[in-house]
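Contents: one structure, followed by commentary.
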Amino acid sequence: MEDTRPSLHVPWSHAIRRARSAALCVAIITTFVVIALIPQIYYGYPNGHSAQYNVPWAHAFSDQLSLDTLYPRWLYAFPDKLGGPIFYFYAPLPFYLNSLLSVLSFSEDADTGLLLTHSVILVLSAATFYIWIGAWVERRLAVLGAIAYMLLPYHFVDLQLRNAIGECMAYVWLPLIFWGIQNNQGKGRCTLAALLGYTALVYSHLPSALLAVLPMVAYTASFFRASILKAMLRLAFIGIGGVLLASPYVIPAILLRKHLHKDAWSEGEHFLPETWLLPDGLFFTPFATMVTVFILLPCALALALHFGLRFPRPSAEARRPFLTSERVSISALWALLPCLIFLTELTTWIWENMEFFRKVQFPWRLGSCIDFLTATIGVLALNRARFVTRLVAADRILVGFFAVLAVYAAGMSWFVVQKTKPELMDWREAEFTSCCVQAPEYVLPSVRNSASMRQHLDANDGNFHRAYLAYTEQLANLPERLTNRPLDAVEDLTVTPEWPDRLSVSARLTAPVTLVLKQSYFPLWEFTSSADDTRLATYPDRATGLLSVDLPKGSGEYTLKMRTSKAERIGSAVGGLAAIILALGILFLRFRRPDLARRDA
C-alpha cells in the first residue's frame, strides 16, 4: 500500500533554505559594516563631535549598571567625580545597548563597546530596512537597498563623524514603525511592532521621535485615504502608546527640565534652529554645507529615479504586480514633502515659537526620516524598471553592484578619518571621568553661577568649554569635603562614598560647620540624620556650586542620597500601567482569536 502520510522533508528543506538565505544576507551586510569601519577598527573609536561625551558617559553608565542600579540617571563619577544629571534628560537606550555589548565582548575599554554599538546600529538598520522593503522587491535588490540605506552619506557621517548614536538609532526603528503602519489593518502584531518601534525611538532619541511624527502622519493620510479616520486613530494609538510606555524617561525629562539652566538648549547662534534653515543656513558653516549636501543629494537622485524611470509608461497588465508598491512610493513622496519643507525658512515661525521644536536645535535632524524615505523611493523606482531587475538577477552584474558599494563604503571611511584624525586621541589612555568637558546643556545653574566658573569664563574670554575644563581641573585637586570653619571646630569628620547608592558622613563637632561635598548641587539631593531621619537643608556653595549643608554642633551620623522625584514616580506608574494594559490587550486578542475561528466555522 502506498504511504500517504505527509513528508516532513519539504517543510524542513524550506526552513533550511530560508535560514540559509537569512544567514547569507546577514553575512553580506556584516561584511560591508566591517569594510566601512576598518579605520575605526585600526585607530579605535573615532574622535568625532560627541566622542567627548559618549566615552565617559558610556563608562560611567556601565559602571553604575554593574553596581545594580537599574536606571542610572545621575552619573556620580562624571565629570571628575563631581556628578551630573545626564540621564534624567538624555535618552538611555543606546547606552544600555553599549553596556550589553561591552559585557558580551568581555572588554573593559569604553571605546570597544562603542565601536560594537556603532556596528550593531548599522547592521540593525540594514536588517529592518530589508524587512520593510523586502515585501515589494526581489531579495537581491532588497539586500542592495538595505546596504545602501545603511551607508547613506548623512547616516554614515551622523554615526561616525558626529558620533550621534541616539539619533542614528532612529534608522533602526523607522523601517519597523512604517512596516507596522503599512500592515496594521486588522493585524494586531503589526500594530504592536509599530508601537514598540516608536517606544524604542523615544527611548533612543526624543527629538527624532518628535520629528518622525511629520512623515508618519503624511504617509498614513496618503496611503489610507479611503479609511483615513480609522488609520489616523490607529496611528494615534501607536504614537500615544509609545510615549506612555516610555513615560519612565519622558515625564522626568520634561518635568525636571526646570532644574537646568533656562537657556541651556539655545545658548549661542549655533544652537538656534532658525540659523540652519535653507537657503541661508546652507553656508552658515562648512559643516552645514556638508550635511545639507549629504541629505539632499541622495534625495534628488531618488526623485530623479522615481520620475525618470516612469517613462515609457508600461501597460496596465505590466503595472499590476507593482500597484501596491506604487502606492507605497507615492505615499513616501507625500511623507518626504513636509520633511523637506521643514528644512526651509518657510517654517521659521514654527522653529522660533513652538517650544518643543525649538528644543530640537538642528532642523537637519530630519535627515534620518529623509534618508529612510529616500531609500524607499529609490529602491521601489529601480524595482519598477524591468531592465534593473534583470541586471540584479545576473550574478556578474550583482557582484559589480556590491563592488561599487564596497568602494563607496571604503571612501566614506577614509573621509571620516580625514575629518576626525583618530590618531590624535587614544581613549584607552584617557582617564574616563575627566577626559572630556560636560555638555553645556547639562551643566547645572549652581555651577554656571558659581564665583569659580565666572572667574574662569572671564579668564577664557567667555569660551564655555575652556572655562569648564579649568573649573573641573581646579576642583579635581580639592579633598572630598571642605568646611568654612577653623579646623579646631572639627574633632572628627569622615566622608565615606558608597556610590552609586549613597554617601555617609560621620561628624563630631564643637561648633556648627558648613560642609561642602564634592558633588554638584541638585535639588533632589537628600541629607538626613541616621539617628532620627531628620532632613537637613542642602544648597549650592556660592564659590564652587557644589553641594553644601549646615551640620549642627555635636556628634552625628548622616546619609546623603538622591531621592526619587515625584516626576520619576509618576513616570514609572504611567509606564507600568501602560505596559500592563498592553499585555492584557495582547492576551485578550490571543485568546479571543480561537473563539472567533470556531464561530466562523
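The values are calculated or read from the model by the stated rules, or taken from the named source; none is laboratory data. In this text, all values refer to a predicted model and were calculated from it rather than measured experimentally. So basically every Cβ, Gly included, is an ideal-geometry build from the backbone, and we count neighbours across all protein chains shown. Please note that ligands, DNA and RNA were not included when accessible areas were found on the heavy atoms of the full protein model with its side chains. Shrake-Rupley method; radii C 1.70, N 1.55, O 1.52, S 1.80 Å.
By a 1.4 Å probe calculation restricted to protein chains, LEU577 has an accessible surface near 100 Å², given to the nearest 10.
Determine one quarter of the surface area of the Cα convex hull of region 481-562, which equals its mean projected area, and express it in nm² to one decimal.
Values: hull surface 19.4 nm².
Across all orientations, region 481-562 yields a mean hull projection of 4.9 nm².
When only alpha carbons are used to place a centre, region 86-115 and region 155-175 end up 15 Å from one another.
Quickly rank 242-251, 69-78 as a protection proxy: mean count of other C-beta atoms within 10 Å, highest first.
Numbers: 242-251: 23.1, 69-78: 19.8.
Highest to lowest by the protection proxy: 242-251, 69-78.
Between PRO94, TYR171, ASN183, whose Cα lies farthest towards the positive end of the dipole of region 93-201 when Lys and Arg beta carbons carry +1 and Asp and Glu beta carbons carry -1, centred on the Cα centre? Among PRO94, TYR171, ASN183, the one farthest towards the positive end of the dipole of region 93-201 is ASN183. In order along region 501-507, phi translates into HN-Hα couplings of 8, 6, 9, 9, 10, 10, 9 Hz, rounded to whole numbers, per the Karplus curve 6.51 cos²θ - 1.76 cosθ + 1.60 with θ = phi - 60° and x for Gly and Pro.
Show me the trypsin sites (Lys or Arg not before Pro) within region 122-210 that DSSP assigns to loop and that have at most 13 other Cβ atoms within 10 Å of their Cβ.
Answer in residue order: LYS187.
Using heavy atoms of the protein chains and a probe of 1.4 Å, the accessible area assigned to TYR408 is about 80 Å².
Ordering 95-107, 200-212 by mean Cβ neighbour count within 10 Å, with the highest value first, yields 200-212, 95-107. In square nanometres and to one decimal, what's the mean projected area of the convex hull around the Cα atoms of region 334-389? That works out to 4.4 nm², a quarter of the Cα hull's surface.
Remark: the ALA451-LEU346 segment gains 33.5 nm on full extension, using 0.36 nm per residue and subtracting the alpha carbon distance.
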